[in-house]
1. Not counting the cut sites, what is the longest span of the chain without trypsin sites (Lys or Arg not before Pro) that DSSP labels loop and that have at most 16 other Cβ atoms within 10 Å?
2. What residue among 63, 51, 158 has the largest mean-square fluctuation in a Gaussian network model of the chain, using Cα springs under 10 Å?
3. Based on the alpha carbons, how large is the Rg to Rh ratio for the chain when Rh follows Kirkwood?
4. With every protein chain left in place, what is the accessible area per residue of the stretch 1-118 in square angstrom, probe 1.4 Å?
5. Relative contact order for the chain: what percent, with Cα pairs under 8 Å and sequence separation of 6 or more?
6. Note the full-extension length gain between residue 15 and residue 125 as 0.36 nm times their separation in residues minus their Cα-Cα distance, in nm to one decimal.
7. Mind checking which of 20, 61, 120 has the largest fluctuation in a GNM of the chain, springs on alpha carbons under 10 Å?
8. Among 107, 34, 24, which one shows the highest mean-square fluctuation when the chain is modelled as a Gaussian network with alpha-carbon springs under 10 Å?
Amino acid sequence: MSLFLLEIAPSSATREGSQAVLDALLGAGDGEAAEIIESQVAADHSRLFTVVEAGSAKAAAAVGEAVREVAEEVQGPDEVRLVGAELEEIKALRRGAGYLVEWDIPAEITMDQYLARKKANAPKYAEVPETSFLRTYVREDTAKCLCFYDAPDEDAVVRAREAVSTPIDRIWALGAIELDTTGA
């Protein structure tokens, strides 16, 4: 099984629009072919970042197709690698994040170089103790990565990124609503 990223712009950038996408995701990701690992919603409801575990890109694409009626745009699926956390931990906790940082990785950086850089820089997060790095999904084609953080504010995330000498191409406040796959 592999992980795939879907980036979804709801038809309506409202709480109701995001909820409609989440409801469609729940219906699409309950089969054996694909499982929704997490779906984080931008605070302004303009975007959802959804990670799917699936046996193939085709199975992950079926999840994307299932939300087309309630989405203005669906990007992906793009195969991703989880860095900085264990998949079973994410499945168990279903823990949201406060912020998501996107970095469009320069074309000359390979996956091995990215992973070595991440490992070397990770201890520097201690310089910004109010910010917790949670996890990263890096696209297998290394076009970009999505890094999730808990932090008191956007400035703290920016300081954390500066500490690890890594740029920010886009930053999103998260936490508007979350996907509940527990049935609670």
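The values are calculated or read from the model by the stated rules, or taken from the named source; none is laboratory data. Small disclaimer: the values here were computed from a predicted structure and weren't measured. All Cβ positions, glycine included, derive from the backbone under ideal geometry; neighbour counts span all protein chains shown. Note: areas computed on protein heavy atoms with side chains; ligands, DNA, RNA excluded. Shrake-Rupley method; radii C 1.70, N 1.55, O 1.52, S 1.80 Å.
1. After excluding every exposed loop site, the longest remaining stretch is 1-93.
2. 158
3. Rg/Rh: 0.95.
4. Accessible area per residue: 45 Å².
5. Numbers: 374 pairs, mean separation 49.4, N = 184.
Relative CO of the chain lands at 27 percent.
6. 36.3 nm
7. 120
8. The residue that fluctuates most here is 107.
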